[in-house]
Amino acid sequence: MEGVDHLAHERNKSEFDVDAMKVVWAGSPHAFDVCDRISKLVASDPGFRKDNRSTLSRKELFKNTLRKAAYAWKTIVDLHLSEEEAAKLRFYVDEPAFTDLHWGMFIPAIKGQGTEEQQQKWLPLAYKMQIIGCYAQTELGHGSNVQGLETTATFDPQTDEFIIHSPTLTSSKWWPGGLGKVATHAIVYARLIVGGREHGVNGFIVQLRSLEDHSPLPGITVGDIGMKFGNGAYNTMDNGVLRFDHVRIPRNQMLMRVSQVTCEGKYEQSDVPRQLVYGTMVYVRQTIVADASCALSRAVCIATRYSAVRRQFGSQNGGPETQVIDYKTQQSRLFPLLASAYAFRFIGEWLKWLYADVTQRLQANDFSTLPEAHACTAGLKSLTTTATAVTITESINLETMLCGLAIFGGVPVSTRPDTGAGSVQDSLEEEETWTKIIVVVGADRFVVVVGADRFVVVVEHMVAFEERIIAGGRSPSEKESLPVEDKSLEERLVEFHCQHLRRG
Ligand SMILES: Cc1cc2nc3c(=O)[nH]c(=O)nc-3n(C[C@H](O)[C@H](O)[C@H](O)COP(=O)(O)OP(=O)(O)OC[C@H]3O[C@@H](n4cnc5c(N)ncnc54)[C@H](O)[C@@H]3O)c2cc1C
């Protein structure tokens, strides 16, 4: 078997320019160059090996993650990698780790919700990893319902401090990644109480562990919540639990871009909308969409390649059997997923643009597109992660449909069980999928109902629309014929896809 390229024949039959498609997939020639260089760097370095991930114990896995994170940091520094290259390196290391929350939520929260002075103080420490941050929002009692959080932050004008406290068992922070073992600091969301009055939920920068010996600071109880399912998926992450017993922090550690508390104990709200407090979530959702597209592409790639090399039935006169990919039933299952992988990839790129655009506008105090960004990221996060999780878990359960059990599905080395577990957890992370749908339904311009069985329908609409758009556009009656709840999201998906095709 070794040395035989079973895919060469299929590849030679390709009717499109594969090199051009690589660039389209990457986003630009520059992005392709970065991806190409950094992926080769990671693949060729034994320090980043991942083939043993599914067989290590939780403790070994976690030690391995710490070692890899340190090694990745050393590589980034030694090779003077740019921020873009460093992000790609972490992407190709491909192992959920405390660094994801540090770079993905802690830093963006300070950037988005902190004042200029707070950014100047905290960001250099975070960029050099002299402090390691996590994002402590969810509690045992409340996840999706952020307004229900119970942790309190009470202002004490005598000492110019906030007192952070967990008044009930259900107010214990529960789930934050990086919290269980590693983080020295957290963005903690708590009910702001000033002069006996409550002013809603706000973020605070709280130090959790000593920078000398890493022990928890007085009044802080912190630990790891334990095993999660999918060995190589999320057990590399130290999701944690956290309680506060009247922990005091300086007043200037409240993130004050949206609202401020003066040293006299006066609460002031700026004209910046309160939704900005959740701006970090908008950022994270767009990264989760990108992650879902990667997970789906990986799974579909494995299934497609396998279908091309696997031969079953149909031998004529002792000749070779038929390639599985040539069966219409296999194509009808596989190709919509392949199309979804491309569509999700383009959606991820568009959301990246949308987030950059919104961030630029916010800096100029233009908040007009924030509701749209909130709704688009929330809806598309639900759609893409649900579709991905369903696809991968289904293909693991029903292996004989796409790959055949003997070769890939049940074997951890195929990475599909872990990819599946990871994408299910992605769909739960940050806000559970169905509550995201409610967020979207509540938003002005988006009335979308999406669900596990809908994504194939979306793709079908996309293909049909695309053909009509390329042929000269849609009539108003065609627009009206879509069920109202489908229109917004599906049309938007079609537009992305067509824009990409036109550009390409
Ligand atoms: C792998 C992973 C990593 C995570 N990392 C972090 C982290 O770093 N930091 C952090 O703060 N949190 C983190 N979380 C927590 C995550 O944000 C929450 O789990 C998520 O917000 C959902 O909250 P919940 O679990 O309390 O579910 P709930 O809000 O209690 O929802 C439970 C169920 O009820 C349904 N439901 C809730 N409200 C409604 C409604 N109004 N109408 C209809 N149905 C409803 C939901 O859809 C869901 O099915 C993580 C979670 C996971 C799984």
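The residue among 143, 123, 99 whose Cα reaches farthest toward the positive pole of the charge dipole of segment 94-158, with charges on the beta-carbon of Lys, Arg, Asp and Glu, is 123. Entry note, segment 67-163: relative contact order of 17 percent, from Cα contacts under 8 Å with a spacing of 6+ residues.
Within 10 Å of each candidate Cβ there may be at most 14 other Cβ atoms; applying that plus a DSSP loop requirement, which GluC sites (Glu not before Pro) in segment 160-225 survive?
Hits after loop and neighbour filter: 212.
Take every pair of alpha-carbon atoms less than 8 Å apart whose residues are at least six positions apart; their mean separation over the length of segment 189-253 yields a relative contact order of 25 percent. Close amide H pairs (under 5 Å, H built 1.01 Å from N) link residue 259 with 270, residues at least 5 positions away or on another chain. In segment 256-311 the Cα-Cα distances spread across 5 Å bins starting at 0 as 4, 16, 12, 11, 10, 8, 8, 7, 6, 5, 5, 4, 3, 2, 1, 0 percent of all pairs.
Treating each Cα of segment 270-389 as an identical point scatterer and summing with the Debye formula, the log10 of I(q)/I(0) at q = 0.09, 0.15, 0.20, 0.22 Å⁻¹ comes to -0.39, -0.72, -0.99, -1.11. Taking all Cα pairs closer than 8 Å and separated by 6 or more residues, the relative contact order of segment 233-323 comes to 12 percent. Pair-distance distribution of segment 94-204: all C-alpha pairs, bin width 5 Å, starting at 0; shares per bin in whole percent are 2, 12, 19, 22, 21, 15, 7, 1, 0, 0.
The residues neighbouring residue 115, those whose beta-carbon lies less than 10 Å from its own, together hold a net charge of 0 under the Lys/Arg +1, Asp/Glu -1 convention.
Of all the C-alpha pairs in segment 1-123, what % are more than 22 Å from each other? The proportion of pairs with Cα distances above 22 Å equals 55 percent.
One quarter of the surface of the convex hull around the alpha-carbon atoms of segment 30-86 equals 4.3 nm², the direction-averaged projected area. When the charge dipole of segment 167-275 is built from unit charges on Cβ atoms (+1 for Lys and Arg, -1 for Asp and Glu) and taken about the Cα centre, the candidate among 200, 167, 244 whose Cα reaches farthest toward its positive end is 200. Normalised Debye scattering of segment 203-268 at q = 0.17, 0.25 Å⁻¹ gives log10 I(q)/I(0) of -0.80, -1.07, counting only Cα atoms as equal scatterers and leaving out solvent.
Read the figures in this text as sums done on the coordinates, not as results from a lab. None of the values given here were measured: they were computed from a predicted structure. Cβ sites come from the backbone with ideal geometry, for glycine too, and all protein chains shown count toward neighbours.
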